[in-house]
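The structure appears right after this line, and notes come after that.
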Amino acid sequence: MSSTLFPRYDSLQKSFGTAHGPALTHRSAVARVPVPEIRPELCVAYSVVDDAKDKAKKLSDEAAKEFEKGIAAAKPKKQTIELYSGKYYAACTFGGMLACGLTHTAVTPLDLVKVRRQVDSSLYKSNIQGWGLIYRSEGLRGIMTGWSPTLFGYSAQGAFKYGWYEYFKKTYSDVVGPERAHRYKTSVYLAASASAEFLADIALCPFEAVKVRMQGSLKSPYKGTLDGIRQIMASEGTAGLYKGIYPLWARQIPYTMMKFASFETIVDMIYTRLPGNKNDYSKVVQTGVSFTGGYLAGILCAIVSHPADVMVSKLNAYRKPGEAFGTVISRIYGDIGFAGLWNGLGVRIIMIGTLTGLQWMIYDYFKIFMGFPTTGGAAPPEEKK
C-alpha cells in the first residue's frame, strides 16, 4: 500500500497518543490502562483525511495569493504628475477652463441685465425689474441670452489664463531666484497674471463681441455663437471680431492682475493668522479658504476694472464701421460722462465676487483631485547658509 495512504506519525500522536507517550485519553488516564500502539495499516481512512487536509491547505494558500494579486491588479494605479512639467501645465489649463467656463455661464442672467443697463441706463430701473420684463416677453430662454458665446469664450479664456499664469509664475520666479521671488512675490504675481491675460483675451475677444451684441439688443441679432461669428465676419471681416480688443485688454489685464495678486496675498494672510501650517488643514478647509480669498479678491477686481467694462459694452454696441478707436471712446465718454463709467457697479460686485470665489474654489479643488498643492500660502524658501 502506498505510503500516502498512511497517517504520519505526528498526526497519530495528536489524535491518539501511544502507550509510552504522555498523550492518553481521559478514560485511560483514570484507569491507568496503557493505550495499545496504533497499527498504521488500520488507519487508511485517517491517512486519506489527513492528506486531503494538506492538499486543501495548499490550495487555499495558493488561492489567497492569487486573490491578493487580483486585488492589487484591480486597484487603480496612482497617477503622479511632476510639478511644473508639461502635463502639470496641461492639467492647470483644463482646470482653468472648467473654473471660468462653468461659472461665467451660470451667471449669464446677471451679465445680461448688467450689459443692457450699461448700454442704456434708462432701460431697467433695477435688476429684478429687468429679469421680470425679459421673462415675460421672452421666457427663461430670454434670461439666458448669450450663454453659448459666454461658455465658449470664457472656457477658452480660463484655459489660457490659469495655464499661462502657472507657467509665467514659475518662469519669472526662476529668473529672479527663489529668495527674490519670495521677497517680491507680489510683483511676480502681477507680471505673471498680466502676461497670461494678454494671451487669454486674444482667445476671448471674438466670443465677447458676439456675446455683447446678443445681450446689448432687446432682440438678439444672432441665432447662436457660430451664426454671430459668421455674420460679423461677413459684414466686417476678422477685424470686426477684434475691434474690442484694446478696451478688453484695458478691462481684463488690470482685473486679472488684481484677481491673482490679491488672491495670493489674501490667502497667504489667512494661513499666516491660522495656527499651524497650510498642510495641517483638510482639503475642505483649503478650498474654503480659496473661496473666501477669491470672493474678497473679486470685489477689488470689479472696482478696478468696471470703467473699462462699461466701455467694452458700449463700444461693441455703438462703434461704427471704420471709426477710429480714440474717436469712439471720446464720443461714448461725452455721452455718459464720468458717472456713467460706474453704471451697474453694484451688480457687478456681486457677480464678480461670486464668480471669482467659485472659480478659485473649483480650480483648487481640481488641483487637489490631481494631487497638486492648492494655490497660495506657500512657505518661504529656506535661506542659504
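The values are calculated or read from the model by the stated rules, or taken from the named source; none is laboratory data. The shown structure was predicted, so the numbers you read here are calculated from the model rather than taken from an experiment. Methodologically, a virtual Cβ is constructed for each residue, glycine included, from the backbone with ideal geometry; neighbour enumeration extends over all protein chains shown.
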Point to revise | Residues of region 116-135 that turn out to be at pLDDT 85 or above, surrounded by 15 or more Cβ atoms within 10 Å (Cβ to Cβ) and hydrophobic (A, V, I, L, M, F, W, C), as a count | key: 3
Exercise for review: May I ask you to list pairs of residues, at least six apart or on different chains, whose Cβ atoms are under 6 Å apart, with the first in region 197-218 being surrounded by fewer than 20 Cβ atoms within 10 Å (Cβ to Cβ) and the second being polar (S, T, N, Q) and at pLDDT 95 or above?
Suggested key: Ala203/Gln157
**Study point:** Residue check for Met311: over 21 Å from Trp249 (Cβ atoms) and surrounded by 16 or more Cβ atoms within 10 Å (Cβ to Cβ)
**Key:** no
Study note, to complete from the structure: Within region 252-281, restricting to residues that are polar (S, T, N, Q) and within 14 Å of Pro373 (Cβ to Cβ), the one that is farthest from the chain's Cα centre (by Cα) is Asn277
Review point. When you scan region 334-357, how many residues do you find that are more than 12 Å from Met311 (Cβ to Cβ) and touching a residue at least 40 places away in the same chain (Cβ under 8 Å)?
Key: 13
Check your understanding: Does Gly237 satisfy being over 16 Å from Val312 (Cβ atoms) and either among the small types (Gly, Ala, Ser) or surrounded by fewer than 18 Cβ atoms within 10 Å (Cβ to Cβ) (or both)?
Key -> yes
Check your understanding: Residues of region 329-378 being part of a loop (DSSP other than H, G, I, E, B), under 23 Å from the mean Cα position of the chain (by Cα), buried (at least 20 other Cβ atoms within 10 Å of the Cβ) and at pLDDT below 90, which ones?
Key -> Gly376, Gly377
Exercise for review: Select from region 215-263 the residues that are modelled with pLDDT under 95 and acidic (Asp, Glu) and list them in ascending order.
Suggested key: Glu236
Check your understanding: Can you find a residue in region 244-266 that is surrounded by 20 or more Cβ atoms within 10 Å (Cβ to Cβ), in the same structural domain as Ala191 (by TED's automatic domain parsing) and not in a helix (DSSP H, G or I)?
Key -> yes
Exercise for review: Go through the residues of region 111-119 one by one and say whether even a single one is closer than 24 Å to Leu204 by Cβ, in the same structural domain as Ile202 (by TED's automatic domain parsing) and not in a helix (DSSP H, G or I).
Suggested key: no
Exercise for review: Examine region 149-168 for a residue that is in the same structural domain as Gly298 (by TED's automatic domain parsing), surrounded by 14 or more Cβ atoms within 10 Å (Cβ to Cβ), over 19 Å from the mean Cα position of the chain (by Cα) and closer than 27 Å to Trp342 by Cα, and state whether such a residue exists.
Suggested key: yes
